[in-house]
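We did not get these values from a lab; they are worked out from the coordinates using the rules stated. The shown structure was predicted, so the numbers you read here are calculated from the model rather than taken from an experiment. All Cβ positions, glycine included, derive from the backbone under ideal geometry; neighbour counts span all protein chains shown.
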Amino acid sequence: MFFLVIFTFNCAAKAGLSLNVSDSCPSMCRCAPEEVIHCNRAGLRALPGEIAASTVSLNLSNNYLRILTTNTFSNLTFLHSLWLDGNNLTFLSPGTFHALSKLRELDLSRNSRLTYLHANTFRGLLNLISLDLSHCNIFEIHPLLFSHLPSLERLDLASNNMRYVPQAFSNLSSLTRLSLESNHIEAIGRDSLKALESLYDLNLRKNRIWIIQDGAFTKLLRLGVLNLGHNFISDLPNQLFDGLIQLKTLHLEANRVTAIDCTFRLLLNLRSLYLNNNQISSISDSAFSYLNKLHFLHLSKNNLSSLPLRLFVGLPKLRYVFLSHNPWKCDCRMVWFLRWTVMSRGALQGLDCAFHIHHNTTALSIPQPGDPMDCTAPPELDSKDKCGAAGISTAPGHPAPTCKVLLLVVPFHTWYFARRWVSSAALL
């Protein structure tokens, strides 16, 4: 009898809870029993008054909200997630979110009339982890705007109208992901990012960056992904990426780079390097020295006619190299590509050179002097390591042997003959 009473009480309690949730759900919204309320696309111009104080998640996306005041969310102290994206917000009163100390996720994206945020806009959000301000119309950020967000880990400021990197990151010691994509930023100063010592992913894609001061990335010792693609960068100084000792992926595609020297020499953990869609015509033979973890290299759509013989020496992990849409000159300077493909089992894509041999010959013919197919190469001198770095040991290079190679007429994709040709050439 005792257990029956307890059971009846629990059922009544659950029924009462269900009734409360149902009663507190605005008619134009959808509510779930876990205090989750969806009022998205409900035509709202103001916050419904029937929202329960116990609400944990509130979706107000794609409505017509314009102004939020200090009283708008004052009774929703249990909120963990709040979506306000896709509204007509024009102004957020200072302290709008002051009562939401438990809020962890705030989405304010796609409010195209939102141009400025007061220094105290986010006061009270001590536990906020994720903040989305993308696709607004923000052109200026107060230096103290994020000073109330000590727990923030993800910040999205993409697709705004900012012309410089905000000086508002000084208190974001927990930030791991920052997007400034698709703004109008032209320069990165040496102090612009120095406070972001926990940052892992930095997206500066699709800006107008053409100046990066020395030391701009020095403090980003944990950065793993850096995207500088689709900018106006033309020069890559040797010290540009100093400090990025943990960098794994680097995007520099669609810039105006013309030459590669020793810029990448200290990126010892780099796995993927995107240099496609530039204007690169020359690469130093030491350009990728010490990148012994490099796995993926994209060089398509540049102005390359050849690459130095030792470019891939010391790159045991390199497996994918993309080379299409370059004006390759297919002479003896490019022969080593085929040998590297066979010996390292790497995948070359886009090298439209046809290195040919006779079907019925066992030795390579020797061309006559003046023959356009004469690829007699003089002995190559030992080249000095232009990218030497203190504390990094390297094996001395060996001079390339004198080679005589005849380019004849058989399709490159005839792999069997290509392998025989490599074996023969190696004996010369």
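Taking Lys and Arg as +1 and Asp and Glu as -1, the other residues whose beta-carbon sits under 12 Å from that of SER272 total +4. With r as the distance between the Cβ atoms of ARG66 and THR258 and R0 = 41 Å, compute the FRET efficiency 1/(1 + (r/R0)^6) and round to 0.05. Plugging the Cβ-Cβ distance into 1/(1 + (r/R0)^6) gives 0.25. Cross-link list LYS301/LYS329; LYS219/LYS317; LYS248/LYS317: which exceed 19 angstrom alpha carbon to alpha carbon? Among LYS301/LYS329; LYS219/LYS317; LYS248/LYS317, the Cα-Cα distance tops 19 Å for LYS219/LYS317.
Once the Cβ-Cβ distance of GLN239 and ASN303 is raised to the sixth power relative to R0 = 25 Å, the FRET efficiency obtained is 0.50.
Our note on the geometry: Cα centres of the stretch 316-331 and the stretch 52-72, 54 Å apart.
By the Cα gyration tensor, the stretch 57-188 has an equivalent ellipsoid whose semi-axes, rounded to whole angstrom, run 22, 17, 13 from largest to smallest.
What does the charge count around THR115 come to, taking other residues whose C-beta lies under 15 Å from its C-beta (Lys +1, Arg +1, Asp -1, Glu -1)?
That works out to +3.
Shown here is the pair-distance distribution of the stretch 179-291: with all Cα-Cα distances grouped in 10 Å bins from zero up to the longest one, the shares run 15, 51, 32, 2 percent. Placing a label point 7 Å from the Cα of ARG113 along the Cα-to-Cβ direction, the residues of the stretch 30-50 with a backbone N closer than 14 Å are 44-46. Within the shell defined by Cβ-Cβ distances under 12 Å, the residues around PHE241 carry a net charge of -1, with Lys and Arg each +1 and Asp and Glu each -1.
Which order do the peptides 184-194, 77-87 come out in when sorted by mean C-beta neighbours inside 10 angstrom, highest first?
77-87, 184-194
At full extension, THR77 and GLU197 could sit 40.0 nm farther apart than now, given 0.36 nm per residue minus the alpha carbon distance. Loop-located trypsin sites (Lys or Arg not before Pro) across the stretch 229-284 with a Cβ neighbour count of 14 or fewer within 10 Å are ARG256, with loop assigned by DSSP.
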